[in-house]
1. Tell me, yes or no, whether segment 38-51 has at least one residue that is open to solvent by 10 Å² or more (accessible area, probe 1.4 Å), at pLDDT below 95 and farther than 30 Å from residue 332 by Cβ.
2. Does residue 332 satisfy the condition of being open to solvent by less than 30 Å² (accessible area, probe 1.4 Å) and either among the polar types (S, T, N, Q) or closer than 23 Å to residue 99 by Cα (or both)?
3. Just checking, how many residues over segment 401-426 are in contact with a Leu (Cβ under 9 Å, 6 or more places away or on another chain) and open to solvent by 20 Å² or more (accessible area, probe 1.4 Å)?
4. Going by the conditions given, is residue 213 over 22 Å from the mean Cα position of the chain (by Cα) and at pLDDT 95 or above?
5. For segment 355-380, enumerate the residues that are at pLDDT below 95 and either surrounded by 20 or more Cβ atoms within 10 Å (Cβ to Cβ) or part of a loop (DSSP other than H, G, I, E, B) (or both).
6. Applying the selection to segment 214-242, what residues are within 24 Å of residue 280 (Cβ to Cβ), free of Cβ contacts under 8 Å to residues at least 24 places away in the same chain, in contact with a strand residue (DSSP E or B) (Cβ under 6 Å, 6 or more places away or on another chain) and open to solvent by 30 Å² or more (accessible area, probe 1.4 Å)?
7. Are any of the residues in segment 60-75 assigned to a loop (DSSP other than H, G, I, E, B) and crowded, with 16+ Cβ neighbours inside 10 Å?
8. When you go through (1) among the small types (Gly, Ala, Ser); (2) open to solvent by 10 Å² or more (accessible area, probe 1.4 Å); (3) out of contact with any Asp or Glu (no Cβ under 9 Å at 6 or more places or on another chain); (4) part of a loop (DSSP other than H, G, I, E, B) one by one for residue 151, which number turns out not to apply?
Amino acid sequence: MIYKNIMRLGGLLILFVLLNSCIKNGKKEMNFDAEKSDVLVTNFKEQFRPQFHFTPQEKWMNDPNGLVYHNGIYHLFYQYYPEDIVWGPMHWGHATSKDLISWKHKPIALFPDEHGLIFSGSAVVDVQNSSGFGTKDNPPLVAIFTYHLMAGEKAGRNDFQTQGIAYSLDNGDTWTKYDGNPVIGNEGIKDFRDPKVFWHDETNQWIMVLVAGDHAKIYNSSDLKSWNHLSDFGKDKGAHGGVWECPDLFKLKVEGTQEEKWVLLISINPGAPNGGSGTQYFVGNFDGTTFTSDHDDEKWIDHGTDNYAGVTYNNTPNEERIFIGWMSNWNYARNTPTEKWRSAMTLPRELTLHKDGEFNYLKNYPISAFDKQLEKLENTPNTKNEKIILENLEVNQMDISFEVPLDEDLEIQMKNDGNEVLTFQIDAEKNEMMLDRTESGIVDFEKSFGASIHKQVYVPKKESVEIRIILDHSSVEVFVDKGRYVFTDQIFPTKHYNALMITPKKIDQVHNFAIKSVRPIW
C-alpha cells in the first residue's frame, strides 16, 4: 500500500512517497523521515490552522488515543486517515511532547491488518512486565485498541469489533502486534469498542472498561492478554440519546478533603445537551469489580459542541488527571471548511473534583504549562458608556480573563471588520450562560453548526469568579469559575476578530482584567 503526503515548504513541493509498507511478525512498517516531518510543521499558516492546539500535519484526525506518559515523554496517539481529509480506514497517528504544549509529529504507529481497522483505545506502561513483552528493566508500552473488520460490517454481522493489543520496547517509536490477537472476541454486540485500561493497586490487576452500545463493560486481567468480564454499568443511568463511546475510569481526591471518589467518563453521539456529540460523566465508587454512581442526574464535562471522545493520561509523573478531547462534533466533522487537514484537539486540561453540598462535580481547566505560552499585553482597555472596549487587536490568538460575580448580566463580544461576531452572555434572571456563534463567520457548511445558541444552567454566586476565554484561529474555549462551566466550540471567521467589547451590568464589578497573546507552538 502506498501513502502519499504532499506538503508545501518555502514555495517548494516536497513529495514523500511512503513505500513498501508490509505486515511482518504482526507489525506493519513503513519508511518515514521523522526529522523532515518535524521541519514541515513550521509551515502551519493555512487559513483556520490553529496556532497552539494540536493538529495533524495533513489529512483526517479524530479521537485522541493511547494517552500515556513514559520516560519524560507524553504520547498522543489519535484516529488518523492518511489519505484524505474525511474519515476513512483508521490508523493510529502519533505525536510526542515534553510539556503537553509543543508537539513533535511521529510516524504512524498502528496500521490496519487482517483483523480490521484500528479504532480507539488506550496505552499503559507495563512496569512489572506482566505481559512478558519486555523486561522489568525495559518495561513495554502496551496499546489496547479496537479492531473494526469492515468486511464483517458490510456482511451484516454484529461481531465485527474485537479488542487487540500491541507493544513497544522503544518508548513508542515502533510497535509489534500480539500474535494472539484479538484478546477479546465478540459474541454479537454491534458497538463493542474503545477499551481504556489502567492498573488497579487494590486488586493487583489490570482493569479495562469498554463500551457496548448503551452501557459500559468492566474486565480484569493479570497479563493484558487474558481478560475476564466482571460487571456492566449504565443501562439505566445517564444519557442514552445515542451510542456510548470512549470510556475512562479513574480515581480523584475531592479538593480540600481526604475523600476519594471514582469518575467515569462516557462520550455519547448523538444526545449531547446542545446537539450531536458530547461527554458525560459519573461520580461514584469502584470496588475492583463494579462501578456505582452516586447520582441519577446527567452531568456533562462541556456544554459547547466541540469537545468529544476525550480521555485522560495514564502514568503522569505527579498523578495529575490530564484530559484531551477531540475538538469537533460528528454532526459536521466531515464538512468543516479546512482544505489540507481536518480537526484539532482541545488544550490539555487538568480535571479536579469538587463538592457542592451533597454532590460532587468536575472542573476542567487548562494545565499550568500553557501559561508559559502567554505574553501579557500593555493595552489599557477604554471604558465607554459602561463598556470595556479594546480595538485593533489580533483577538484570534488571545487569552482574555477577568473576574465578575455570577449574579449579574454580562455580554462579551468579539468582532471583525466583516461584521462577524462571537458572543458570550450571562443571563442572571434565567441563571443561564450562552455561547452564540450563529454569526461568527462561516457557518453554512452544515445546518446545525450555526443553527443554535449553546446554553448551560449555572449556580449563581455573589462572589466574583474568573471568566477566561482562549481563542485560536478556529476555536474558542470558555472557562467560568476555573472550569466549573465550560464551552468549547469551533469557529471559522473569514477575518480575524480585531475588537473586544465587554458589557457588564455594573462596570465597577469587573476586576483583574488581563489580555495576553499566545505564542504559536509550530
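The values are calculated or read from the model by the stated rules, or taken from the named source; none is laboratory data. Because the structure is predicted, anything quoted here is derived from the model rather than measured. Cβ placement follows ideal geometry from the backbone for every residue including glycine, while neighbour counts extend to all protein chains displayed. Calculation scope for accessible area: heavy atoms of the full protein, side chains included, ligands and nucleic acids excluded. Shrake-Rupley method; radii C 1.70, N 1.55, O 1.52, S 1.80 Å.
1. Checking segment 38-51: at least one residue is open to solvent by 10 Å² or more (accessible area, probe 1.4 Å), at pLDDT below 95 and farther than 30 Å from residue 332 by Cβ.
2. Criteria not met by residue 332.
3. 3
4. No.
5. Passing the criteria: 357, 358, 377, 378, 379, 380.
6. 229, 232
7. For segment 60-75, residues assigned to a loop (DSSP other than H, G, I, E, B) and crowded, with 16+ Cβ neighbours inside 10 Å: absent.
8. Condition not satisfied by residue 151: (4).
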